[in-house]
Amino acid sequence: MLLRCGPIVALLVGLALPAEAAEALDGATMSLAWGLPFLGILLSIAFMPILAPAFWHHHYGKVAAFWGAAMLVPFALAFGSGAAARAVAHVALEEYIPFVALLTALYATGGGVLLRGTLNGTPGTNTLLLGVGTLLASVMGTTGASMLLIRPVLRANAHRSRRTHTFVFFIFLVANIGGSLTPIGDPPLYLGFLQGVSFFWPTTHLFLPFLFCAAVLLSVYWLLDSFHYAREAPRAADPAPREKLSIEGRSNIFLIGVVVFGVLMQGVWRPGEIELAGLPIGIERVVGVALFVLVTVVSMRMTPRALREENGFNWGAMAEVAKLFAAIFLCMGPLLAILKAGPEGAAASLVALTSDGAGDPVPWVYFWMTGLLSSFLDNAPTYLVFFNLAGGDPVHLMGPEAATLAALSAGAVFMGANSYIGNAPNFMVKAIVEQSGARMPSFFGYCAWAMMVLIPLFVLCTFLFFR
């Protein structure tokens, strides 16, 4: 079940990610044509659910496998089967398996917590739920907070006819911007922690941008939901007698804490390396994966089946994310390698924009370049690429270049909300919502929401915090 229920995101995504898949590739020798398979999987996710929904629903795994093969077969022909095997091993051992293990543990534990009682999806209640989720995201990660709260939000709004906007703002806030205050919150910040950025540096340097974005989005959401709620009355009235709120499955809350411990453990405990499939793997990574598997098994055994059924839990959303992100991870490797090559790669003109005439980094460019690429590439390795482009010295970046580090950190975390694949929890939330019978925007429909709501907000952030 673990391997079938693969990846999805992000806070804790990067939490298990040591480095990007592109590390095994020489980006200086690769052309942008190697990005075509990634473009193919991206367009498939965007268009096929609209143009061929029945086919996509039954065969999305085959489509993902096709695009993975479209990258891997030419790669093997160009660089040899040995290089292709190493690339696959690198993705599997250093990214995909840790990613699947971590997210499966969070998915299982989050799906084992049931919030009982009357939660009527009024504008006030919904705004409060989104606000609580936004705060929890930096404590338990965007993935953990999303898995914990998306089902209560779904139940609270089951009687609402206009509710799609609630799930869109849930992704904006809980699955992304909420994770900007600690390394636990979102994968890019965890990678910065592994590189030497102090644990509470994001808390102090990203707090004002976080507070501004959260306040604006929650306010906009409350106004929008109030408008829709007024138009729905009296259908939106409280559908049942009030029941006292209570939490069942508390053991899973403890297990979520164990997962967070496992993530932190990998950042501070370095006992050495072992070799797997010819690759050196940190022992802490292996122990982390084993711990996440154990948490998943314990959660599934300890949680009553009736509780999970009442919670609407099943493995379908996890399986969909696992299959699609396996292809995404594989296909994005060449693009990340090209970016990592910097001035020597095919994206040299893009990389050159990050510095001014004197060679000093330009914070607002780092904010937007890291952010826009994080909207469609995995934001954790994208963060690491630009971290290294800015010099890669954590002491210098936390000191004289603090503005640059804050800009690229915020770009990676905030703009992961710009598309469904910008951050893994986004796609998982989408899958869970759709499995519940509620509607979500199409890929481009969601991007349109981001263009209307998030991009103007990020423009304001640029002038206020990242000039």
LEU245 and MET452 label points (each 7 Å along its Cα→Cβ direction) are spaced in nm at 3.0
Relative contact order for the chain: what percent, with Cα pairs under 8 Å and sequence separation of 6 or more? 28
Would you list which aspartates and glutamates come within 18 Å of LYS430, measuring only between C-alpha atoms, while excluding same-chain residues fewer than 8 positions from it? GLU320, ASP378
Could you list, bin by bin from short to long, the percent of Cα-Cα pairs of region 416-467 in 10 Å steps? 24, 44, 23, 8, 1
Tell me, what ³J(HN,Hα) does each residue in region 194-210 have, in order and in whole Hz, if you take phi through Karplus 6.51 cos²θ - 1.76 cosθ + 1.60 with θ = phi - 60° and put x for Gly and Pro? 5, 7, x, 6, 5, 4, 9, 4, x, 4, 7, 8, 10, 5, 5, x, 4
Hey, how much of the P(r) for region 327-467 falls beyond 20 Å, as a percent of Cα pairs? 50
Starting at 0 and stepping by 10 Å, how many percent of the alpha carbon pairs of region 247-307 end up in each bin? 21, 40, 25, 12, 2
I need SER44, SER161, SER299, SER355 ordered by Cβ neighbour count within 10 Å, fewest first. SER161, SER355, SER44, SER299
Rg over Rh of region 42-195, using C-alpha atoms and the Kirkwood radius, what does it come to? 1.06
Just want the ordering: ASP378, ASP186, from fewest to most Cβ atoms lying within 10 Å of their own Cβ. ASP378, ASP186
Within the chain, helix-based [θ] at 222 nm, where runs of 4 or more DSSP H residues each add -39,500 (n - 2.57), nearest 500: -21500 deg cm²/dmol
Can you put HIS58, HIS205, HIS228 in order, fewest other beta carbons within 10 Å first? HIS58, HIS228, HIS205
Please give every one of the lysines within straight-line cross-link reach of LYS62, meaning a C-alpha to C-alpha distance under 17 Å, and leave out same-chain neighbours fewer than 8 residues apart. LYS323
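Could you work out the percent of alpha carbon pairs in region 203-362 separated by over 26 Å, rounded to a whole number?
The proportion of pairs with Cα distances above 26 Å equals 67 percent.
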For region 116-195, report the translational diffusion coefficient in µm²/s to the nearest whole number, using Stokes-Einstein at 4 °C, 1.567 mPa s, and a Kirkwood Rh over Cα pairs. 101
Give the separation of the Cα centroids, region 442-467 to region 150-198, in Å. 16
Hey, which aspartates and glutamates would be in cross-link range of LYS244, C-alpha to C-alpha under 20 Å, not counting anything within fewer than 8 residues on its own chain? GLU310
Given the convex hull of the Cα atoms of region 75-128, what is a quarter of its surface area in nm²? 6.7
Using just the Cα positions, wrap the chain in a convex hull and report its mean projected area in square nanometres, one decimal place. 21.2
Have a look at region 278-350 and give its Rg and Dmax from the Cα atoms, expressed in angstrom. 19.4, 57
Could you tell me the distance between the Cα centroids of region 68-110 and region 323-399, to the nearest Å? 21
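Read-outs: derived from the displayed coordinates by stated rules, not from any lab. Because the structure is a prediction, the values reported are computed rather than measured. FYI the Cβ positions are ideal-geometry reconstructions off the backbone, even for glycines, and counts take in every protein chain you see.
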